[in-house]
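Accompanying notes for the structure given below.
The values are calculated or read from the model by the stated rules, or taken from the named source; none is laboratory data. Quick caveat: nothing in here was measured; it's all calculated off a predicted structure. Positions of Cβ are backbone-derived with ideal geometry, glycine not excepted, and every protein chain shown enters the neighbour counts. The protein model used for the area step is the full one, side chains on, heavy atoms only, and it has no ligands, DNA or RNA in it. Shrake-Rupley method; radii C 1.70, N 1.55, O 1.52, S 1.80 Å.
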Amino acid sequence: MLALIATLLALHGCGPAPVGDSGTARATDSGPGAVADPVTIPLDDLALLRRRSLDLTGLPPEPDQVAAVLEDPDAIEAIIEDMLRSPRWRLRFADMMAEQFLTRVDSFNATVESYGLDPSQEYRFESSVGTEPLLLMATIASADRPWTDVVTVDWTVADDMLLEIWPLQEISLEEAGLSDAPAEGWRPARYTDGRPAGGLIMTNGLWWRYWSAPANYNRGRAAALARLLLCEDFLLRPISFDASSLLDTDSLLDATSSEPACVGCHNSLDPLAAAFYGFWWFDIYAEPEMTRYHPEREWLGAYYLGTSPEYFGTPLNGPVELGPAVADDPRFLRCTTRRVAGGLLHREITDADQSQVSAWLDAFRDADLRVGGLVRAVLASEEYRAGALLDTASEDDEVAIQTLRMMSPDQLADSVEALTGFRWTEDGFDQLGNDDLGYRILAGGVDGVAVTRPQRDPSVSQQVVLRLLAQGAADFVVTSDLALPAEERRLLTGVDGDTTSADPAFVDQLETLHLRFHGRPATDDALAEETALFDAVAAADGTAAAWAAVIALLIRDPAFWTY
Amino acid sequence: MPGWLLSGRRARAGTSGEGRLLFVFCTGGWDPTECIAPMLGTVVENNPGLVEASAHGIPFVTTEERPAVREFFESCGDRLAIVHGVEARSVAHDVCLRLMLTGSTLPGGNDWPSTVAASSSQDLLLPMVHISGPSYAADHSGSVVRVGASGQLSRLLDGSGMTDGDLAVDLPSAEAASRVDALVSGRLQAAAAGGGRGRAGQLLDLAAAADGRIADLIELGGELDLSGGQDFVGQAAIAAELMERGLCRTAMVEFEGWQGLSWDTHSDLPLQGHHFNTLMEGLSSIMADLDARRGSRGGPLSDEVTVVVLSEMGRYPRINSRGGKDHWTFTSAMFLGAGVAGGTVVGGYDPEAFTGFRVDLTTGALDDGGVALVPSHLGATIYALAGEDPAAALPDHPPIAAVIDG
Amino acid sequence: MALDEVLSAGAVHGLPVFAAYESYLEHREGTCPSMEDPESEGPYGVWQTDHCETGAGYVFEGFGLYLVDCTDPADNDMEPGVGVDSRGLVSQYRLKAPDGAEMEAGGDCSHECRFDVDGGVSCFDQVGGSYRADGREPWLDVGVEASLFVTHEVGADGRRTTIDGGIGLPAADISFREVEVDWEECDGLATGTVAIRDPSGWWFSLVLSGDCSGYGELWLGDQDLGQICIDLAGTLRDAVAGWEQPCWL
């Protein structure tokens, strides 16, 4: 290990966004995002490994991965393949989609009490419901299955709680065509209430989030489907009403088919809304209504909206044909491309990205609609690999290209837990995963309702969250981890309570910590600072507190929470 | 005297003449005709028993069961301006929220309070305080300090947010924490110095700036309870306290209606009455609180803070089969306090169609050749009240001059 | 076939739901359940409770709103001569009787008949939601998912019933599209479309012939599957006849 660290130290410096040599910018040599004249300087190999690791697993790279890349930079490609096969990719994909699908909200119309469950299960209840559609997508994305399965399979994913409270029956991995479980505690399952196959668009989790008020007649659900799966947002078009003709119910209903301001949307929206009446609730807070799909209501659109189900002009013989219709819609794949690329590039993909989206879409199709093919294409793009801008970069590039990213609350919580064993919870609530009493939006996340876009920049609130998280996690390490026999420890494996800064083991431990937290060796200056910190705190508060101080510093260092 | 005042490291909001704004957002879509926009005897249907009244030249409707409404108009009408007939241009909650606060349907915009806060020429500790309600701050997250609807920031600052957690942990000694803080600051500043052009440099600059505020914020948390906001009045009091101390320029609080039952009354129109009564009671309390606090110029804080009361949409003029009202694109807004031409009503609604009339922006009078009001006019007015240049951000939408005193 | 099983479970309409609800609420005691209006009597009014149990062993959980208007034409000052028999029930509850019988419901159920001075009757009946009550009509006993809207008109131009919406029973899910029963023709001539759902989600449409045979053509999409016969009028007959009986008599 010492020899390896010495090699690392000799080869690499440390910084928040270490970049490679622009003259050997491999990032611009290949991939659909490649351009003739590069405008960026790519990250160096270790920084790129860390970025990819955090984007694909939500965690910093393992030390052996760092060592492998240092030994052979091309090893990174094999590491990516490992990551794309790992269960962590599934969780990360779900988290990435959570920022866009916004299903992880703090409350639904039904509560934990509606099902007679203990109130202490509230967080788990809300989390499980919101995670169902996300993890289903992630399971398809990580399995060797075409993405169109997301809207056509006749199963979903469920944990023990959902299996208990919803009409679900667990099915085998073989039946679902999976090689391993979707996530720890989650299994493939099939609804038993008669709902047709349709994957994501037949999940309770999606339509509990996007429920319909009585007077909305499922239009909100239709708009949500178009927005989420087709990137076709009916609601973005400002409209101006000729309101004088809308003042009685009949003319209001007529207006949706006759008023020019209304027709454009409603001609498509209403027949699509008619396809969601199996999810229609006669009482929007009644648990039996919310829990079950209602097959007998599938044609109620004719009664309420005056139209039978259609998919953008194509009649549907019931919602059973909705999933296949989405799967056949070219907008579905293009939208998926935009969502996945946006998640990996940490920005909104717009119409200005048309040509790049088309190139990624080609890669997606070339991979037989496996999401992995799309992901590889985005990861290979110049923009993804960018660590700094060249002088040739435009002002638009300055804004758009995320040469450095901030960890999301999910990434932060998962990374800290992976390294220290500490998960910030209170009364069972994941404090970086809720906003009732927690700190999700303070840390830069979305609550799915009032705050719907992730924060890309640090703020005072985010830094305060980070500070307290670092303090708590660091103390947890020294009180829990350090108390274990060395061979059982997670982090402080090379020292004990008597180790001083003069011991060789001390520097070894520090260097290992740097590799673990920052994915690269420490600089001499950093080691000197941390040694001085250790000595000062050890003198005042003891060795354990000194290690806690060092760990807190490593977590708050921008080399940890940015990538 | 707290260190951040003694040190003089930070400017105090208000001392530069930059206006301050407290936003109260009524989420769900209010029905102005149930209180602030009398439409009795028109195409609009209302709850029974409403009677029209006026105070300080502002007409309103109320009932005996809503005493706080009359009290509010009588006590605050002389510094209240109401704008009617603003067309949100959508009837979907999400989109109307964005429109009403950013002027655009597009995601990724910046709302009025965060834009004003970010425009401040001063280095404020909490440029915008987001306590509850909608927030759009794509480019201004460095200016927005989220407090949390249940006072989460307070628990972060005093450490109880960690020590009350499920895993037993101890916080470091003050000296150890201080040593770590100093090293973190050094590393952030060094990283920012080398951040370079583009997003990396911007992100690290913002991180260093945010980190530079933590010590002051912790000190503030030790003397000010940020967790006291159990309702919008309490949350507004926190914002007022921060404004009185010169620490913040804008704030957002949400009022979800009486007992949190939402303004989105598709099936229970009588709730609007309860909501407005509670809103007006709260606004009276907020104004009394601002009156009792001292502003930076020596007078009451209410002379320096404008309260902006918004909802994302109005409600359809007819009562539906469930005894409620559905969404409507036309709505009203209220401006209260500093810089506001009191006793003013701008615009109005067509009694036959319940659409907004065009107005003369200067006089506020109805004018067929005038302007059809949209949320960006409210935004421009907000900028003007804050002392910012509306034309820079919204060149096509002049402010409603009639709302602005003088 | 499954269609017959659904029809043999009886006519789904609001009155049996109200009767089942009343049979539990009649046993309320004091503040169990807690009524919004403490002065309200019998089963009528609004209540909400997480859980309570009466001394006699009746258990109430949830929320209920039940309003009844039975106006004798002689007492109708607003519309002289018009009688009204109207009930509305909003359900979000689980009810238990001491003998173990239960009623569980979520939804919105209403029934209104207006009786004109000239003898005309005009009714609208809606059962929307999920309902199950032990020991009641077969469809209610097994539990029904319903979204059924029925009108019934008696006047100078005849006696007609229209049906839209759907019924979901363990046996099958069926849907009514613009179904009309003309009671003046062959003791109940049904027209319109009744559809039955295959468990995988496909719908088979039975287009009623409009003659007195009771036969209709069965279709899957545009594929004609032949003729089958159902007795829709037989299922409905007693129910709508009951609606014509004023509550004040």
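When the protein assembly as shown is described by a simple charge dipole with +1 on each Lys and Arg Cβ and -1 on each Asp and Glu Cβ, the residue from C:Val59, C:Cys186, B:Ala353 located farthest towards its positive end is B:Ala353.
Using only helices, what value at 222 nm comes out for the protein assembly as shown when you add -39,500 (n - 2.57) per DSSP H run of length 4 or more and divide by the total residues, to the nearest 500 deg cm²/dmol?
-11000 deg cm²/dmol
Mind checking the mean number of beta-carbon atoms from other chains within 10 Å of the Cβ atoms in A:317-325? Spell out each step's value before the answer.
On the way: counts 7, 7, 2, 6, 2, 1, 1, 0, 0.
Going residue by residue through A:317-325 and averaging, the value is 3.
Computed from backbone phi with θ = phi - 60° and the Karplus coefficients 6.51, -1.76 and 1.60, the 3J(HN,Hα) list for segment A:160-175 is 4, 5, 5, 5, 7, 9, 10, x, 10, 10, 4, 10, 6, 4, 4, 4 Hz; x is used for glycine and proline.
Between C:Thr31 and C:Leu67, the FRET efficiency estimated from the beta carbon spacing at R0 = 25 angstrom works out to 0.75.
Taking Cα atoms only, the orientation of helix B:174-193 departs from the longest principal axis of chain B by about 80 degrees.
On average over all directions, what projected area in square nanometres does segment C:1-130 have, based on the convex hull of its Cα atoms?
Working: hull surface 40.6 nm².
Over all viewing directions, segment C:1-130 projects a mean Cα-hull area of 10.1 nm².
Database remark: amide H of B:Ala137 closer than 5 angstrom to the amide H of B:Asp111 (H placed geometrically; neighbours at sequence offset of 5 or more, or on other chains; Pro and chain starts carry no H). For segment C:158-172, backbone phi angles converted through the Karplus equation (6.51, -1.76, 1.60; θ = phi - 60°) give residue-by-residue couplings of x, 9, 9, 10, 10, 9, 9, x, x, 10, x, 10, x, 5, 5 Hz, Gly and Pro being listed as x.
Placing pseudo-labels 7 Å out from each Cα toward the beta carbon at A:Ser394 and B:Ser178 gives an inter-label distance of 5.2 nm. The orientation-averaged projected area of the convex hull spanned by the Cα atoms of chain C comes to 15.1 nm². Translational diffusion coefficient of segment B:309-406 (Stokes-Einstein, Kirkwood radius from Cα pairs, 20 °C, 1.002 mPa s): 148 µm²/s. When C:Lys96, B:Lys325 are compared by accessible area of protein heavy atoms, the largest-first order is C:Lys96, B:Lys325, using a 1.4 Å probe. Summarise the accessible area of segment C:2-243 (1.4 Å probe, protein heavy atoms) by the percent that is carbon and sulfur. Whole-percent figure for carbon plus sulfur exposure: 48.
Around the amide H of C:Asn76, modelled in the peptide plane, lie the amide H atoms of C:Gly81, all under 5 Å away and 5 or more residues distant in sequence or on another chain.
Report the semi-axes of the equivalent ellipsoid for chain B in whole Å, largest first, where each axis is √(5λ) for an eigenvalue λ of the Cα gyration tensor.
Details: eigenvalues 304, 101, 81 Å².
They are 39, 22, 20 Å, listed largest first.
FRET efficiency for the A:Asp118 to B:Thr42 pair, using the beta carbon distance and R₀ = 41 Å, is estimated at 0.20.
Note down the Stokes-Einstein diffusion coefficient of the protein assembly as shown in µm²/s, whole number, using a Kirkwood radius over alpha carbon pairs, 4 °C, and 1.567 mPa s. Working shown, then result.
On the way: Rh = 32.8 Å.
The diffusion coefficient I find is 39 µm²/s.
Heavy atoms of chains B and A lose about 6800 Å² of accessible surface on contact, summed over both sides with a 1.4 Å probe. What residues in segment B:191-233 lose 40 Å² or more of accessible surface when the other protein chains are added to their chain alone (1.4 Å probe)? Listed by number, the residues meeting the 40 Å² cut-off are B:Arg197, B:Arg199, B:Ala200, B:Leu203, B:Leu204, B:Ala210, B:Ile214.
Axis angle, to the nearest 10 degrees, between helix B:270-292 and the longest C-alpha principal axis of chain B: 50 degrees.
For segment A:30-403, the per residue solvent-accessible surface stands at 34 Å², with DNA, RNA and ligands left out and a 1.4 Å probe.
One chain, two ends: C:Trp248 and C:Glu41. Fully extended at 0.36 nm per residue, the span grows by 72.7 nm beyond their Cα-Cα distance. Model label points for B:Ala392 and A:Glu62, set 7 angstrom from Cα along the Cα-to-Cβ axis, are 5.3 nm apart. For chain B, modelled as a GNM whose springs connect Cα atoms under 10 angstrom apart, the maximal fluctuation among B:Leu183, B:Leu301, B:Leu361 occurs at B:Leu183.
Label-to-label distance, A:Asp498 versus C:Cys212, with points set 7 angstrom from Cα along the beta-carbon direction: 10.8 nm.
What FRET efficiency comes out for the pair B:Gln259/A:Asp193, r = Cβ-Cβ distance, R0 = 35 Å, nearest 0.05? Display every interim value, and only then the final one.
On the way: r = 34 Å, r/R0 = 0.97.
After rounding, the FRET efficiency stands at 0.55.
For segment A:30-403, the fraction of 1.4 Å probe accessible surface lying on carbon and sulfur atoms is 48 percent. Here the 3J(HN,Hα) profile of segment A:53-60, calculated from phi with Karplus coefficients 6.51, -1.76 and 1.60 at θ = phi - 60°, is 5, 5, 6, 9, 10, x, 10, x Hz, Gly and Pro shown as x.
Close amide H partners of A:Leu389, meaning residues 5 or more places away or on another chain with modelled amide H under 5 Å apart, are A:Ile41, B:Arg197. Of interest is the spacing of the C-alpha centroids, which for segment B:25-55 and segment A:49-66 amounts to 58 Å.
Counting, for every residue in B:91-99, the Cβ atoms of other protein chains within 10 Å of its Cβ and taking the mean gives 5.
Based on alpha-carbon atoms, the Kirkwood radius and the radius of gyration of segment A:306-387 give Rg/Rh equal to 1.11.
Other chains near C:134-146: what is the mean number of their Cβ atoms within 10 Å of each residue's Cβ? So the per-residue partner count for this stretch is 1. Against chain C, whose longest principal axis comes from its Cα atoms, helix C:232-243 is set at around 40 degrees.
At a probe radius of 1.4 angstrom, the accessible area of chain B per residue rounds to 33 square angstrom.
Give the Debye-formula value of log10 I(q)/I(0) at each listed q (0.06, 0.07, 0.08, 0.11 Å⁻¹), with one equal scatterer per alpha carbon of segment A:30-403, two decimals each. Evaluating at q = 0.06, 0.07, 0.08, 0.11 Å⁻¹ gives log10 I(q)/I(0) of -0.26, -0.35, -0.46, -0.83.
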